[in-house]
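The values are calculated or read from the model by the stated rules, or taken from the named source; none is laboratory data. Fair warning: this is a prediction, and the values are worked out from it, not measured in the lab. Every residue, glycine as well, gets a Cβ built from its backbone with ideal geometry; the counts of neighbours run over all protein chains shown. For the accessible areas, the whole protein counts, side chains as well, though only heavy atoms, and no ligand, DNA or RNA atoms are used. Shrake-Rupley method; radii C 1.70, N 1.55, O 1.52, S 1.80 Å.
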Amino acid sequence: MGALLLSLSRAVLVLAVALGAAAQLSPTFYDGSCPNLQSIVRSGMAAAVQQEPRMGASILRLFFHDCFVQGCDASVLLDDSATITGEKNAGPNANSLRGYEVIDSIKSQVEAACPGTVSCADILALAARDGVNLVSIISLSGPTWAVQLGRRDTRTASQSAANSNLPSPSSSAATLVSAFASKGLDSRDLVALSGAHTIGSARCASFRSHVYNDSNINAGFAAKRKQICQPQSGGSDGNLAPLDALSPVKFDNGYFRNVVAQFGLLHSDQELFGAGGGVDSITAQYARNGAVFSRDFVTAMIKMGNISPLTGSNGEIRGNCRKPN
């Protein structure tokens, strides 16, 4: 009994520390020190999305892959060096994550306006929000939100944590629920955040197994995807297909309507409906009601952005997002 109480006390302490750090974040954190920050980030993302609409989804994914490893601390942006084994070459990230140059460009503009003031972690959080919103403006739909700010940048990275903490495209529903729960995110957060797949594309290497081996996929849809994805790894690995076959450039609930109809591109997508795990009803609700999905997506994005931020005197404000000061 004493051991149980000690364990519970430790859990409460960890939660209190996490909530305390998150409480230090504020949408107005830079209003005095860098008043033009949000317009600078938005302009940079507008240029990037105009050049390539897919970039909105890429930056959103970059933020997700940052927050799930050590928290939202810009560890994913660090290059390998003599002293750091970065996360860029971890299995889930190599030949997959992109958009680093977009963040570099925005960071240089922010540094010119407000030297040594704004973290790479906060720039990435803002850029992810603006990527969603700018794609949404193009398609006349989609959410926006007030980004909590005040994060600082880590001096370390963890390739091993990236390999173990990031969900795989082959993950089961139970594995997904467990992975998100370990970050303080519940099943509704999991399904809502998976809805980010309403925009963007996936590589053949990520969906090959699903279209060739799984039975919970529409046969006609699988046949169409097989046309661009050969059964064996090789030359077709990098071929792209939209994650949302219904409306690939609109931030809407088309992704969930796809999944309910067994048009999920990834195995992990289709696991959200028909595989149990307590997520089926949430997926069905979002398929019926895009407004509920949009609301819950915003809530989940804010919760994810609060995962273990470095605040106060912890970490640093990097001058270059690719390396510690």
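In the stretch 249-300, counting only helices (runs of 4 or more DSSP H) that sit wholly within it, the ones holding 2 or more residues that are of a type outside the set (Val, Ile, Thr) and either open to solvent by 20 Å² or more (accessible area, probe 1.4 Å) or touching a Pro at 6+ places or on another chain (Cβ under 7 Å) (or both) span 267-270, 280-288. Within the stretch 303-314, residues that are farther than 11 Å from ASP73 by Cβ and free of Cβ contacts under 8 Å to residues at least 60 places away in the same chain have Cβ atoms under 6 Å from residues that are open to solvent by 60 Å² or more (accessible area, probe 1.4 Å) and basic (Lys, Arg) in no pair, counting only partners at least 6 apart in sequence or on another chain. If you go through the stretch 149-165 and pick out every residue that is of a type in the set (D, E, K, R) and open to solvent by less than 50 Å² (accessible area, probe 1.4 Å), you end up with 2. In the stretch 121-143 there is no residue matching the filter, namely being outside any helix (DSSP H, G or I), surrounded by 24 or more Cβ atoms within 10 Å (Cβ to Cβ) and charged (D, E, K, R). For the stretch 78-107, a residue qualifies if it is under 17 Å from MET304 (Cβ atoms) and among the aliphatic types (A, V, I, L, M), and exactly one does: LEU97. Here ASN239 does not fit the description of being under 20 Å from the mean Cα position of the chain (by Cα) and either more than 22 Å from VAL76 (Cα to Cα) or modelled with pLDDT under 95 (or both). Considering (1) surrounded by fewer than 22 Cβ atoms within 10 Å (Cβ to Cβ); (2) closer than 19 Å to GLY254 by Cβ, the lone condition that CYS204 does not fulfil carries the number (2).
With the requirement that a residue be of a type outside the set (Gly, Ala, Ser) and touching a residue at least 40 places away in the same chain (Cβ under 8 Å), what does the stretch 182-202 give you? Scanning the stretch 182-202 gives LYS183, LEU185, ARG188, ASP189, LEU190, VAL191, LEU193, HIS197, THR198, ILE199. Can you confirm whether the stretch 238-245 contains a residue that is more than 20 Å from LEU97 (Cβ to Cβ) and either open to solvent by less than 10 Å² (accessible area, probe 1.4 Å) or among the charged types (D, E, K, R) (or both)? Checked the stretch 238-245: no residue is more than 20 Å from LEU97 (Cβ to Cβ) and either open to solvent by less than 10 Å² (accessible area, probe 1.4 Å) or among the charged types (D, E, K, R) (or both). Any residue at all in the stretch 17-27 that's at pLDDT 95 or above, under 20 Å from the mean Cα position of the chain (by Cα) and not acidic (Asp, Glu)? Checked against the condition, which is being at pLDDT 95 or above, under 20 Å from the mean Cα position of the chain (by Cα) and not acidic (Asp, Glu), the stretch 17-27 yields at least one hit. Could you tell me whether SER168 is surrounded by fewer than 19 Cβ atoms within 10 Å (Cβ to Cβ), touching a Leu at 6+ places or on another chain (Cβ under 6 Å) and touching a residue at least 12 places away in the same chain (Cβ under 8 Å)? So SER168 fails the test. Which of the residues spanning the stretch 62-111 are free of Cβ contacts under 8 Å to residues at least 40 places away in the same chain and in a helix (DSSP H, G or I)? If the condition is that a residue be free of Cβ contacts under 8 Å to residues at least 40 places away in the same chain and in a helix (DSSP H, G or I), then GLU101, SER108 are the ones that fit. Residues of the stretch 307-325 that are in contact with a helix residue (DSSP H, G or I) (Cβ under 7 Å, 6 or more places away or on another chain) and buried (at least 21 other Cβ atoms within 10 Å of the Cβ): PRO309, ARG318, CYS321.
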